[in-house]
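What follows is a short report on a single structure.
The values are calculated or read from the model by the stated rules, or taken from the named source; none is laboratory data. Model, not experiment: these values are computed from the prediction. Counting neighbours? That spans all protein chains shown, and the Cβs are built from the backbone with ideal geometry, glycine included.
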Amino acid sequence: MGILSVPGAALAQDASPAAAQAAKAQTAKPNVVVLATGGTIAGAGASTVNSATYTAAKVPVDKLLAGLPELAQIANVRGEQVFQIASESFTNDNLLTLAKRVSQLAKQSDVDGIVITHGTDTLAETAYFLSLTVHTDKPIAVVGSMRPGTALSADGALNLVNAVSVAGSKDARGKGVFVTMNDEINTARDVNKDINIQTGAFKSQWGPLGMVVEGKNYWFRAPVKRHTMNSEFNIDNIDKLPQVDIVYAYGSVQPTAVNALVDAGAKAIVHAGTGNGSVADRMVKPLQDARGKGVLIVRSARVPYGFVLRNAEQPDDKYDWVVAHDMRPEKARLLTMLALTKGANTKELQRMFWEY
Ligand SMILES: NC(=O)CC[C@H](N)C(=O)O
């Protein structure tokens with residue numbers, strides 16, 4: 001019998017073997033908490049043809065869950081409204097609040113898995129932050145949608161059902177934090193929003209871990225990088241994140257932004273370089289000067305795929321710079337902030353970029 005066809009609790013009154021089995025299946029259902037933060041998955045548009053023109057973060061979590069009776073067949077689900085915002089407005093404080101709540105819930109014996117509903121714009125950042133900071137082997141699935149629930153072919157309902165299904169499954173334990181959208185199970189570390197108008201928006205350059213179909217997970221690989229239980233960062237011990245900013249490279253770029261950010265107190269600057277993390281000739285000295293003032297310099301690339309090699313393009317050893325490996329600038333920023341909470345130097349930060 002498929003997981004979606006387990007009979008309801010009402011049968012538990014009946015003493016027949018089938019009813020007893022059904023009652024057992026009922027009590028054996030995992031307990032999954034859905035933490036809602038907003039985004040399109042909680043969005044609403046004026047008409048069914050509004051797939052891209054709508055207001056995000058409108059529908060409260062209880063209404064979202066009530067609209068999906070399928071969830072009750074998979075898990076005992078309850079919701080909590082943590083925020084109701086569009087994810088481009090997420091702040092470091094939002095990350096801390098959310099991760100601390102996830103960590104608290106993960107410690108509860110009556111919680112088997114956690115789902116976070118989230119706007120898609122910064123969803124991959126939040127997922128990576130959770131995978132770096134929450135110490136648990138319980139599955140955490142971060143999910144959003146590309147179309148509001150009011151649109152034709154809305155994707156949120158199935159994405160959410162799949163997220164609950166993955167978060168409630170035993171075979172997802174110990175595999176970290178996932179992004180479950182468009183039937184794929186991607187690992188938080190690798191996944192990014194690569195398309196801004198289609199439902200297949202989330203991609204990992206190293207491929208998905210697996211797929212979830214009709215309530216069953218099909219795994220093809222597992223993450224090899226450090227996460228959750230094996231992370232040296234623990235959200236329970238982090239109350240503040242340092243200022244780390246990103247400087248974007250482009251033709252004719254000038255040092256204005258780097259200098260302003262150093263003056264504004266940035267503790268590290270992630271340089272989103274061209275190509276293989278290359279740095280314009282006129283930017284090298286300002287970045288070296290920033291490093292001279294104690295600011296960490298992380299060389300990443302604005303190119304979405306591939307990775308940045310140490311001492312290629314720039315003499316990182318000589319300048320005491322760090323390379324972000326395959327981390328996109330916005331994810332490199334998160335790891336750098338966390339490293340700084342531990343007082344990491346450039347050598348330690350570089351080690352972290354290889355390991356996480
Ligand atoms: N598809 C979405 O969720 C995008 C909506 C909004 N920009 C957000 O990230 O919350």
**Request:** Working carefully through the options ALA151, ALA188, find the one that is touching a residue at least 60 places away in the same chain (Cβ under 8 Å) and in contact with a strand residue (DSSP E or B) (Cβ under 7 Å, 6 or more places away or on another chain).
**Result:** ALA188
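For (1) farther than 30 Å from ILE195 by Cα; (2) without any contact (Cβ under 8 Å) to a residue 24 or more places away in the chain; (3) surrounded by 16 or more Cβ atoms within 10 Å (Cβ to Cβ), each residue gets a yes or a no:
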| site | (1), (2), (3) |
| --- | --- |
| ALA301 | no, no, yes |
| TYR305 | no, no, no |
| TYR319 | yes, no, yes |
| ASP326 | no, no, yes |
| LYS342 | yes, no, no |
| ASN345 | yes, yes, no |
| GLU348 | yes, yes, no |
**Message:** Looking only at the stretch 44-62, how many residues end up being over 16 Å from SER153 (Cβ atoms) and not basic (Lys, Arg)?
**Reply:** 8
**Request:** Out of GLN73, GLN81, report the one residue that is assigned by the TED database to the domain that holds MET146, modelled with pLDDT of 95 or more and assigned to a strand (DSSP E or B).
**Result:** GLN81
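Quick grid of which residues meet (1) in the same structural domain as PHE83 (by the TED database); (2) within 16 Å of the ligand (Cβ to nearest atom); (3) surrounded by fewer than 24 Cβ atoms within 10 Å (Cβ to Cβ):
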residue	(1), (2), (3)
SER109	yes, no, yes
THR117	yes, yes, no
ASP121	yes, yes, yes
THR126	yes, yes, no
PHE129	yes, yes, no
THR136	yes, no, yes
GLY168	yes, no, no
ARG173	yes, no, yes
**Complete:** Restricted to the stretch 84-96 and to residues being closer than 10 Å to THR37 by Cβ and part of a helix (DSSP H, G or I), the residue nearest to the ligand (Cβ to nearest atom) is SER87
**Request:** With the condition kept exactly as written, say whether any residue in the stretch 165-188 is charged (D, E, K, R) and part of a strand (DSSP E or B).
**Result:** yes
**Message:** Which of the helices (runs of 4 or more DSSP H) found entirely inside the stretch 256-356 contain at least 1 residues meeting this: among the β-branched types (Val, Ile, Thr) and not assigned by the TED database to the domain that holds ASP121?
**Reply:** 256-263, 281-292, 329-341, 346-355
**Prompt:** Can SER153 be described as of a type in the set (Gly, Ala, Ser), modelled with pLDDT of 95 or more and surrounded by fewer than 24 Cβ atoms within 10 Å (Cβ to Cβ)?
**Reply:** yes
**Request:** Report yes if GLN81 is surrounded by fewer than 17 Cβ atoms within 10 Å (Cβ to Cβ), within 16 Å of the ligand (Cβ to nearest atom) and over 14 Å from the mean Cα position of the chain (by Cα), otherwise no.
**Result:** yes
